[in-house]
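This report refers to the structure that appears directly beneath it.
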Amino acid sequence: MKRGIRRRGADAAAQHPHPMLSTDQRSDYAEQGFLVLPGFKRPHETAALARRAHELVEAFDPAQGASRFSTRDRSLVADERLLASAEAMHCFFEEEALDDAGRLVVPKARSINKIGHAMHDLDPVFGAFSKGPALAALAADLGLARPQVWQSMVIFKQPEIGGEVGWHQDASFFETEPVTVTTFWFAIEDATLDNGCLWAEPGGHRGERGTLRERYVNDAGRLHMERLSDRPWPDRDTAVPLPVEAGTLIVFHGLLPHCSAPNRSPRSRMAYTLHATCGTAAYSPRNWLQRSAALPVRGFD
Ligand code: FE2
């Protein structure tokens, strides 16, 4: 791993009941666009979340018209099913889990790419993991005023077939004016170079490097990606891998370019993510994810 990724002080923050980032950590975040916080979640917390995720997959009936999910070909996901998942807990198949006729070619437990996108508001186990004073204090330290947590995802990164997630910026999916979306990426299992850990470009959220390349929008029920800039994505010379142990939280800025490799290893790399914006910033009505009055967006408390 390249040098320059500073992680100091995170353990102290995790042990403190009301973690506040140090001045160094705040300046690291401003400079690098991300912060790695080892031990933010304890083993029993990650174990409970993993257990619940597996239960949801176990309860899922593949015959219920599930969609495959691939960042390479978003048309694989039926727009309606994705839109409905804004207020539900839907399973999405790995691209390589189905054959051309749509039949499962791996056991169901190993077939799911992700579950999304409202577990944090619908399920008590996910709710407990996704809220609380530690996350509220961290969000405040990161400058999220009146945070609104729009989305939760379990990303399984299955052994052997875990799909690649290409370079992107999460602000493409959560447009606010100004840009405020912040990603909370929890390692539920160890993430390594072999099983598809995150890669990011340090400082890639700032200035011209942080130019928003594309925007995923809903035009009258049709979801599509709009190209905004031809600025190239980072390459392996400027990006760094972020291998982390289970329980680590990586927080990052919405304009930070990041990606992850496919998982061809025999070990899964489960992660859980939350995406939050500032309630004081205008949330675009063109964002794919909208909440109805039946399930209003909430914060970390
Ligand atoms: Fe992302």
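Ignoring everything except DSSP H segments at least 4 long, calculate the 222 nm mean residue ellipticity for the chain; use -39,500 (n - 2.57) per segment, divide by total residues, nearest 500. The per-residue figure over the chain is -5500 deg cm²/dmol. Between residue 160 and residue 229, residue separation times 0.36 nm minus the direct Cα-Cα distance comes to 21.5 nm.
Stretching the chain fully between residue 192 and residue 26 yields a gain of 57.2 nm (0.36 nm per residue, less the alpha carbon separation).
Holding the Cα-Cα limit at 20 Å, pick out from 41/131; 41/108; 108/157 the pairs that are longer than that.
Details: 41/131 12 Å; 41/108 28 Å; 108/157 14 Å.
In this structure, 41/108 exceed 20 Å between Cα atoms.
This model, with +1 at the C-beta of Lys and Arg and -1 at the C-beta of Asp and Glu, gives the chain a dipole about its Cα centre of some 400 debye. Each Cα pair under 8 Å and six or more residues apart adds its separation to the average, and for the chain the resulting relative contact order is 27 percent.
With a Förster radius of 25 Å applied to the C-beta separation of residue 136 and residue 280, the computed FRET efficiency comes to 0.95. Between residue 55 and residue 220, residue separation times 0.36 nm minus the direct Cα-Cα distance comes to 55.9 nm. What the Cβ-Cβ distance of residue 101 and residue 78 gives, at R0 = 22 Å and to the nearest 0.05, is a FRET efficiency of 0.80. Let a ≥ b ≥ c be the square roots of the eigenvalues of the Cα gyration tensor of the chain; is it rounded (a/c under 1.5), or, if not, prolate (a/b larger than b/c) or oblate? Rounded.
Throughout, read-outs are computed from the coordinates displayed, never taken from laboratory work. Remember, it's a predicted structure, so these values are computed and weren't measured experimentally. Reconstructed Cβ throughout: ideal geometry from the backbone, glycine too, with neighbour counts over all protein chains shown.
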